[in-house]
Amino acid sequence: MLHGKKILIGITASIAAYKSILLVRLLVKQGAEVKVVMTPAAKDFVSPLVLSTLSKNNVVIEWVEGNEWSNHVMLGRWADVFVIAPLSCNTLAKMAHGLCDNVLLAVYLSATCPVVVAPAMDEDMWQHPATQKNISLIKEYGNTVIEVSNGELASGLFGDGRMAEPEEILVFLTEKSFRSAELKGKKAMVTAGPTYEAIDPVRFVGNHSSGKMGFALAEELYLRGADVELVSGPTQQKTVYSGIRITHVVSAADMFRACEATFPSVDIAIMSAAVADFTPVNVANEKIKKQSGNLELSFEKTKDILQYIGSKKTKSQYIVGFALETNNEKENALKKLQSKNADCIVLNSLRDKKAGFGIDTNKITILDRSGKEIESGPKPKKEIAKDIVSFIVTQIHA
Ligand code: CTP
């Protein structure tokens with residue numbers, strides 16, 4: 001998402017300036033074009049040489065560099081976003097009141113791009129009414145503030161005022177400034193992970209699905225602009241994007257209920273969960289005690305969620321099913337495509353190395369109703385998710 005984006009980093013005098021080195025490095029690694037402007041006092045905290053080397057651009061600090069005037073107006077027009085991190089208490093106050101005694105402030109006052117700030121200061125300074133008022137003022141001007149966090153401060157005290165970590169700033173920019181518009185206005189539902197079918201209060205029948213593929217799909221849909229509802233079985237997965245809504249479920253019946261309620265309002269549904277096909281007929285109220293002889297359990301079929309939403313599908317809805325197969329893979333996947341009324345099916349074969357449960361890579365074939373067959377992988381699940389979502393985008397915009 002950040003590839004080719006023009007990001008101007010402003011650095012002010014704060015101990016947290018050391019984090020800006022990593023921020024510049026992370027942005028460049030993502031393919032962004034990065035330029036840096038610093039206040040003269042920030043030079044005491046971080047080396048311009050390191051920043052110019054990492055950003056591959058001259059760092060602007062003074063009004064005049066050599067014989068040349070630093071064109072602050074053009075810097076603020078060049079950038080897609082101006083990120084001031086760290087933002088010191090002093091620079092915040094100057095921004096709030098329109099002072100212009102260094103180049104960074106001149107860039108700020110003349111910038112036509114969105115401005116995002118990550119404040120950093122000691123807790124008492126942060127809590128001071130003057131600082132809080134200044135924060136409110138710059139928010140009123142339309143600037144975005146990345147909240148400070150709580151923790152150890154440069155003074156040795158603990159409290160609010162820590163600058164957000166570079167990785168958090170990267171996620172913030174990706175999510176708030178650079179989501180693409182390809183799926184803007186579309187709502188998507190994704191199912192992920194396994195389901196657990198209870199036997200008694202402490203035991204269940206489950207499977208090895210990690211939820212990685214489903215979470216990668218939800219994130220990719222979200223970064224392409226969709227509004228995403230993720231229905232997840234029990235997994236260790238987390239998403240860094242606060243805008244993805246997650247409904248946590250346990251059993252196949254819970255997942256069915258969540259999907260039944262959400263499906264009517266979505267444009268796209270991707271059913272990547274490994275839903276249990278059978279569930280115990282009776283769930284013991286107490287823990288089943290060890291006994292002589294075998295334990296016999298009786299199972300009944302769960303509702304097939306994909307089949308259910310397939311039967312309710314309208315012309316404008318696009319449904320993607322998954323098929324996990326060990327033999328006659330294509331034939332079985334095509335049967336599922338038809339019987340569950342999906343628009344396409346993503347085939348995973350457990351015979352493929354680097355594919356399947358628990359691992360970070362996958363290898364898939366997308367099969368659709370018009371006979372298209374698209375192979376992808378083996379590669380990381382995040383990359384596979386990009387291919388699946390790109391395919392959906394071409395189909396729904398066709
Ligand atoms: N699926 C579902 N609800 C179920 C079972 C499966 O929504 N109760 C969905 C899965 O999320 C997947 C597709 O159906 O998108 C195929 O799942 P899979 O386990 O491969 O196939 P099954 O239909 O369960 O058939 P089988 O286990 O016999 O291969």
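Here are some notes:
- Measuring nothing but protein heavy atoms, the accessible surface of the chain at 1.4 Å probe radius is 51 percent carbon and sulfur.
- Working ranking of peptides 226-232, 253-259 by packing, defined as the average number of other Cβ atoms within 10 Å per residue, highest first, is 226-232, 253-259.
- For residue 381, a cut-off of 15 angstrom between C-alpha atoms picks up these aspartates and glutamates, skipping any fewer than 8 places away in its own chain: 219, 220, 352, 360.
- Shape of the stretch 6-177, Cα gyration tensor, a/c cut at 1.5: rounded
- Heavy-atom surface of the chain, accessible at 1.4 Å and reported per residue (Å²): 49 Å²
- Subtracting the Cα-Cα distance of residue 316 and residue 63 from 0.36 nm times their residue separation leaves 85.4 nm of extension gain.
- Distance between the stretch 10-43 and the stretch 365-398 - C-alpha centres, whole angstrom: 38 Å
- A simple count of charges around residue 245, restricted to other residues whose Cβ falls under 9 Å of its Cβ and scoring Lys, Arg +1 and Asp, Glu -1, yields -2.
- Theoretical gain in end-to-end length, residue 240 to residue 295 [0.36 nm per residue, Cα-Cα removed]: 15.5 nm
- Between the amide H of residue 318 and those of 268, 269, distances stay under 5 Å, these residues lying 5 or more places away or on another chain, with hydrogens modeled in the peptide plane.
- FRET efficiency estimate (nearest 0.05) - Cβ-Cβ, residue 180 to residue 398, R0 25 angstrom: 0.85
- Rounded, prolate or oblate (a/c below 1.5 giving rounded, otherwise prolate when a/b exceeds b/c) for the stretch 291-352 by Cα gyration tensor: oblate
- Trypsin sites (Lys or Arg not before Pro) within the stretch 211-254: DSSP coil, no more than 15 neighbouring Cβ in 10 Å: 238
- Most simply put, the chain has about 35% antiparallel DSSP beta bridges, counting only bridges with both residues inside it.
- Prolate/oblate/rounded label for the chain (Cα gyration tensor, a/c 1.5): prolate
- Probe 1.4 Å - accessible area at residue 372, Å² to nearest ten: 80 Å²
The values are calculated or read from the model by the stated rules, or taken from the named source; none is laboratory data. Note that this is a predicted model, so its numbers are computed, not measured. Don't worry about glycine lacking a Cβ; one is built from the backbone with ideal geometry, like all the others, and counts go over all protein chains shown. For accessibility, only protein heavy atoms count, side chains too; no ligands or nucleic acids. Shrake-Rupley method; radii C 1.70, N 1.55, O 1.52, S 1.80 Å.
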